Amino acid sequence: MELKLRGEYITLGQLLKAENLVEDGAEAKAVIQRGDVSVNGETDTRRGRKLHEGDKVLFRGSEIVVVR
């Protein structure tokens, strides 16, 4: 999957919600803090992590690539 940026970046929590991988911000926070999400091959527990063009997010078997 690809997520097209509208601005300069999107946060990790916003990406999960935008791709309908979680129901709301509370669920996004929980799965991120639990370590269920990786960014560019490394677990990231920061909901506010800024994602830029080229970043790859892996969550529950889905890979999302951030594109311009």
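The values are calculated or read from the model by the stated rules, or taken from the named source; none is laboratory data. A quick note: this is a predicted structure, and the numbers were derived from the prediction, not measured. So basically every Cβ, Gly included, is an ideal-geometry build from the backbone, and we count neighbours across all protein chains shown. Only protein heavy atoms, including side chains, enter the accessible area calculation; ligands, DNA and RNA are left aside. Shrake-Rupley method; radii C 1.70, N 1.55, O 1.52, S 1.80 Å.
Residue 37: within 13 Å of residue 13 (Cα to Cα), touching a Phe, Trp or Tyr at 6+ places or on another chain (Cβ under 6 Å) and free of Cβ contacts under 8 Å to residues at least 40 places away in the same chain, yes or no?
It is true that residue 37 is within 13 Å of residue 13 (Cα to Cα), touching a Phe, Trp or Tyr at 6+ places or on another chain (Cβ under 6 Å) and free of Cβ contacts under 8 Å to residues at least 40 places away in the same chain.
Just to verify a result, which residue in the stretch 32-68, among those that are small (Gly, Ala, Ser) and at pLDDT below 95, is most open to solvent (accessible area, probe 1.4 Å)?
Among those residues, the one meeting the criterion is 61.
Looking at 29, 56, which is the one that is in contact (Cβ under 8 Å) with a residue 12 or more places away in the chain and either within 15 Å of residue 68 (Cβ to Cβ) or touching a helix residue (DSSP H, G or I) at 6+ places or on another chain (Cβ under 6 Å) (or both)?
Result of the check over 29, 56: 56.
Condition check: at positive phi and out of contact with any Gly (no Cβ under 9 Å at 6 or more places or on another chain). Does residue 54 satisfy that?
So residue 54 passes the test.
Scan the stretch 6-31 for residues that are among the polar types (S, T, N, Q) and open to solvent by 40 Å² or more (accessible area, probe 1.4 Å) and report the count.
Adding up the residues that qualify gives 2.
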